[in-house]
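Since the structure comes first, as structure tokens, the remarks are kept for the end.
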Amino acid sequence: MKQLLDAAAAERQVLSRRLAEMFENARDFHVYVDADGVGGLVALHIDLIDLAEVRSLVVRHDLRGGGIGRLLVQAAIKEAKHLEMSRVYTFTRIPAFFERMGFVAVDRAELPYKAFKDCLQCPLFPGCDETALLRDLTDGIS
Ligand SMILES: CC(C)(COP(=O)(O)OP(=O)(O)OC[C@H]1O[C@@H](n2cnc3c(N)ncnc32)[C@H](O)[C@@H]1OP(=O)(O)O)[C@@H](O)C(=O)NCCC(=O)NCCS
């Protein structure tokens, strides 16, 4: 999991995560595994009573384009609904991918302060080039 995240972080696609941080948040992760090991991962990180972040989404290069990314995001959304979250959000440079999963681009000012918890450790801070997207989980769409 760390290797996949590190490789994507080196390409500035996701935020780097320290190993200790990954252990602390181990229960956030959904992991896709095949015969070659970890094929993909995503994390659902709870911020507030009704708000969680979908983050650390990476699919192994050889599996990309095969629907694993969608499966992982769907798993995170399913868990968020199970936990009675009303909204999930993400920050991304590929908004079109998340729009396919029902997320909608929003002004980042719409997100609560807690959503910016990781910004200080981002190498791009304060020059963020990511889009904030929200998915309403009360819309009745699975
Ligand atoms: C983004 C990523 C997770 C997608 O995983 P994947 O398994 O290749 O995606 P899927 O095959 O499930 O694609 C689902 C849909 O999204 C589309 N899609 C895939 N990558 C996309 C991208 N970069 N931009 C826009 N749409 C994308 C697919 O065409 C597919 O569309 P469809 O519904 O019309 O069939 C993967 O490319 C990856 O790991 N990228 C590097 C890390 C990264 O950028 N993570 C996101 C950080 S926010």
- For the chain, give the percent of accessible area contributed by carbon and sulfur heavy atoms, probe 1.4 Å, rounded to a whole number. 57
- Note on the structure: Note, the stretch 96-101: 3J(HN,Hα) by Karplus (6.51, -1.76, 1.60, θ = phi - 60°), whole Hz, Gly/Pro = x, goes 4, 4, 6, 4, 5, 9
- Task: Enter the accessible area per residue of the stretch 2-136 (Å², integer; probe 1.4 Å; all protein chains in place).
- Result: 56
- Query: Rg(Cα) of the stretch 2-136 divided by 2.2 N^0.38 Å?
  - Reply: 0.99
- Note on the structure: Label model pair Lys114, Thr138: point-to-point distance (7 angstrom along the Cα→beta-carbon line) in nm is 1.6
- Can you give the Rg to Rh ratio for the stretch 40-108, taking only C-alpha atoms and Rh from Kirkwood? 0.96
- Message: Pick from Gly40, Gly67, Gly127 the residue whose mean-square fluctuation is largest in a GNM of the chain, springs joining Cα atoms under 10 Å.
- Response: Gly127
- Report ³J(HN,Hα) in whole Hz for each residue of the stretch 127-134, in order, from the Karplus equation J = 6.51 cos²θ - 1.76 cosθ + 1.60 where θ = phi - 60°; Gly and Pro get x. x, 5, 10, 8, 9, 8, 10, 10
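The values are calculated or read from the model by the stated rules, or taken from the named source; none is laboratory data. Computed from a predicted structure; not experimentally measured. Methodologically, a virtual Cβ is constructed for each residue, glycine included, from the backbone with ideal geometry; neighbour enumeration extends over all protein chains shown. The accessibility values were calculated without ligands, DNA or RNA, using every heavy atom of the protein model including side chains. Shrake-Rupley method; radii C 1.70, N 1.55, O 1.52, S 1.80 Å.
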